[in-house]
Amino acid sequence: FNHILVDEFQDTDPIQFEIIKLLSQNGGANTFIVGDPKQSIFRFRGGDLGVFTGIKKDAGKIDKFLKNYRSHHALIEFYNRFFEKLFHAGYEHMEATLEGNNSERFVEFIFSFDSDASVWRKKEASSVMKRILQLRGHGYDYKDISVICRSTSNIYLLENELRKHNIPYYSSSGSGFFGRHEIRDVAVLIKYLLNPSDKISEASVLRS
């Protein structure tokens, strides 16, 4: 190998480090290591933070990334105060640096209420859609807006509203239409009807 990249190096154990050195050429000069001692959580599995702190003595070049580009400055202030007490020595303070014009980000909570759950869910989806259009009118881009839902079970209602008003969106819920529970059940039922000897499909049908 000409180059080796080791990520999450703070969780490396001594044997793994010996393997890395054996794979490396020229005494490890071609090895690129990334790690954060604050994220060391695998001690129960043999991870040894001492391996990480020890290698810094022999490292040729060290870059420190202390700027945080995604968290609110109040959170960074809390992290700094918390970890400087936890680590006692050697903790390096992070700096909150939001991208662009460093403008504050804000969060809104949108709720709808009705005695009929199906009604308030539709009202909620409509309210979110209207708020997005309002923000667009105030100069925000679609890419500036994200919607976090308490549940993905009814996310199709929001997606319907967004499509209806030509609002572009990307859903990170993952499953999509054919991943929905009831759609998977129908699909596996059809699969079983086409091939009754398919025992896995049969078990899936009985389970549902």
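The values are calculated or read from the model by the stated rules, or taken from the named source; none is laboratory data. Everything quoted here is computed from the prediction, not taken from an experiment. As a convention, Cβ positions derive from the backbone with ideal geometry for all residues, glycine included, and neighbour counts pool all protein chains shown. Ligands, DNA and RNA are excluded from the accessible area calculation, which covers all protein heavy atoms including side chains. Shrake-Rupley method; radii C 1.70, N 1.55, O 1.52, S 1.80 Å.
Points worth noting:
- Residues of segment 31-56 that are over 23 Å from ASN2 (Cα atoms) and of a type in the set (D, E, K, R): ASP36, LYS38, ARG43, ARG45, ASP48.
- Residue selected from segment 143-165 under the condition open to solvent by less than 70 Å² (accessible area, probe 1.4 Å) and part of a helix (DSSP H, G or I), by the criterion farthest from PHE109 (Cα to Cα): ASN160
- Annotation for segment 47-59: at least one member residue is part of a helix (DSSP H, G or I), modelled with pLDDT of 85 or more, surrounded by fewer than 12 Cβ atoms within 10 Å (Cβ to Cβ) and out of contact with any strand residue (DSSP E or B) (no Cβ under 8 Å at 6 or more places or on another chain).
- Considering residues of segment 173-190 that are open to solvent by 80 Å² or more (accessible area, probe 1.4 Å) and under 20 Å from ARG121 (Cβ atoms) only, the residue modelled with the highest pLDDT: GLU182
- Selection status of PHE44, more than 22 Å from ASP63 (Cβ to Cβ), loosely packed, with under 11 Cβ neighbours inside 10 Å and out of contact with any strand residue (DSSP E or B) (no Cβ under 8 Å at 6 or more places or on another chain): yes
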